[in-house]
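Scroll down for the structure; my scribbles are underneath it.
The values are calculated or read from the model by the stated rules, or taken from the named source; none is laboratory data. In this text the structure is predicted, and so the values were computed from the model without any measurement. Note that we place each Cβ from the backbone using ideal geometry, even for glycine, and neighbour counts take in every protein chain shown.
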Amino acid sequence: MTMTRKAGDSAQHRASVFESLSLAALIVDRAGRVVDLNPAGQSLFGRPSDECVGAMLEWLLGLEANHYARQMRPALDAGRPWRGEFGFVRSDGTSGVAAAEAVPLSATGEGVVLVTVEDRTEEQRTAKERATLDATLRRAASEWQRSFDATDTLLLITDPTGRVRRLNRAAVDELGMSFAEAIGRHVDEGPGALWRMAGELCASATAAKATVEARVDEPATGRRWVLIANPVADAAGLVESLVLSARARPGAIGQAPEDPAVAARSVVQAVLRGLAHELRNPVFAITMALDSFKQRASPSDVELLLALRQDFGRIDALIEDMARFSRPLKCLLRPVAFEQIVERAAAACRTLADERCVRLVLRLDDCAPALLDEGLALECTLAVLAEAVENAPPTSAIEISMSSVLVGVVNYVRCTIRDYGPVIGREDLDHVFVPFFSRRRRGFGLALPIAHRLAEAQGGRMAVSIPEDGGVAVILEMPCVVLREAPNP
């Protein structure tokens with residue numbers, strides 16, 4: 001970019017060089033007024049030379065007022081070139097980014113200044129897009145790592161020989177060592193029969209170039225495992241890594257077989273957990289790409305991108321519901337006023353209810369404290385109430401009431417959430433807690449199954465009924481802290 005003066009250059013030769021420069025170039029006087037603008041400069045700024053001659057340099061380059069006098073002129077007077085980067089606006093209104101360099105063409109300080117300008121608009125746009133992509137990838141990697149660590153299945157990625165490259169939190173805990181200690185070790189260095197079998201499976205999967213599975217019992221701990229090794233091949237078909245997973249089987253060694261219904265639910269949860277994990281990252285990357293494209297899209301394409309973004313938003317909501325339904329639950333039970341939980345859930349749903357013109361009517365009596373996990377109880381109540389709001393017709397009301405009931409020797413706090421929306425068939429009552437069962441258009445069928453699982457995890461109960469005068473009632477019951485004595489027979 002830097003041009004140096006050559007002693008003895010004729011004015012004609014200088015003009016020829018100036019006109020032939022591939023960079024945009026301007027000649028300005030010592031006051032900062034444009035004297036000439038070469039063809040490349042006219043093309044860059046979208047202005048003819050006669051429009052620019054006589055104008056101040058700040059106007060043409062989009063610099064702040066007096067920038068030339070305060071920064072450029074002192075440098076030039078001291079015999080130093082001036083360099084800077086700035087944003088400019090072309091005559092058609094489009095913006096750009098450029099780098100400029102100014103050098104004096106006279107050693108006396110009374111002559112003119114040559115300013116060369118290099119358009120860096122595309123370079124800046126590419127750098128910005130690269131930074132956006134890097135941020136997207138970092139967020140996707142972070143999200144993937146959180147999903148990787150959230151599952152209770154032991155997950156490891158190894159080289160073809162079985163040396164650990166990556167592993168999740170559950171695997172670290174089972175190995176009994178830190179992440180740093182585990183990386184680079186062979187899986188059969190772990191304690192117990194599980195890790196010895198893992199080493200054998202790695203060798204078998206690499207040799208067979210196929211998925212292998214084994215069941216392992218550990219008499220010392222009484223635990224039972226399902227162990228799977230999946231080879232990952234490169235373009236040439238050679239195994240470059242292995243994905244090793246270990247899932248605890250229900251029941252201890254010697255125990256009676258698990259209830260088939262419970263086993264089936266565990267399988268469904270494992271499948272949904274795997275689907276949510278596999279879908280979350282590509283959907284996240286696609287939505288980020290759509291958001292990036294929207295910034296540069298023409299008005300005719302924005303509507304399509306918004307529709308695609310909305311559809312992927314629904315897919316993302318489904319993934320979150322699948323993850324919520326299938327995640328491991330940890331309960332910290334303590335005495336809590338259940339009516340306060342219900343009030344918080346109603347407050348959280350108020351905006352949604354207002355949008356749908358639905359009234360929330362609360363009739364909350366003071367009841368004995370319930371023994372529950374505050375976070376899970378709030379999530380459970382929110383899921384039921386939000387589903388009721390979605391189901392309720394506009395201008396209708398949702399009634400939320402509370403009471404105490406005695407079931408056997410256990411006192412329960414009962415919360416009844418009733419809407420007056422479309423009545424489900426009585427034949428559907430046996431299926432309302434089955435994942436993906438829904439009669440509502442565009443419904444996922446996961447809200448009630450999620451709430452049901454959360455209630456049961458806290459020792460609570462949940463049921464759905466159809467009142468005689470219409471609507472649907474969902475009943476949540478949480479055990480009280482105090483048990484009543486059974487009546488004498």
- prompt: Of these, A207, A198, which one is small (G, A, S), crowded, with 19+ Cβ neighbours inside 10 Å and assigned by TED's automatic domain parsing to the domain that holds W225?
  reply: A198
message: If G237 meets every condition in (1) modelled with pLDDT of 80 or more; (2) touching a Gly at 6+ places or on another chain (Cβ under 8 Å); (3) exposed (fewer than 12 other Cβ atoms within 10 Å of the Cβ); (4) of a type outside the set (A, V, I, L, M, F, W, C) apart from one, which number is that one?
response: (2)
query: Mind checking which residues of the range 145-181 are over 15 Å from L227 (Cα atoms), at pLDDT 90 or above and touching a Leu at 6+ places or on another chain (Cβ under 6 Å)?
result: V164
query: Of the residues that make up the range 403-421, is at least one modelled with pLDDT of 85 or more, in a loop (DSSP other than H, G, I, E, B) and in contact with a Cys (Cβ under 7 Å, 6 or more places away or on another chain)?
result: no
message: Tell me the residue from S142, S106, S91 that is at pLDDT below 75, surrounded by fewer than 14 Cβ atoms within 10 Å (Cβ to Cβ) and under 24 Å from L76 (Cα atoms), please.
response: S106
field: Unique match (being at pLDDT 75 or above and either among the basic types (K, R) or within 24 Å of G459 (Cα to Cα) (or both)) among R350, R324
entry: R350
- line: Checked the range 381-395 for anything touching a Gly at 6+ places or on another chain (Cβ under 8 Å) and either buried (at least 21 other Cβ atoms within 10 Å of the Cβ) or among the hydrophobic types (A, V, I, L, M, F, W, C) (or both); matches are A388, N391, A392
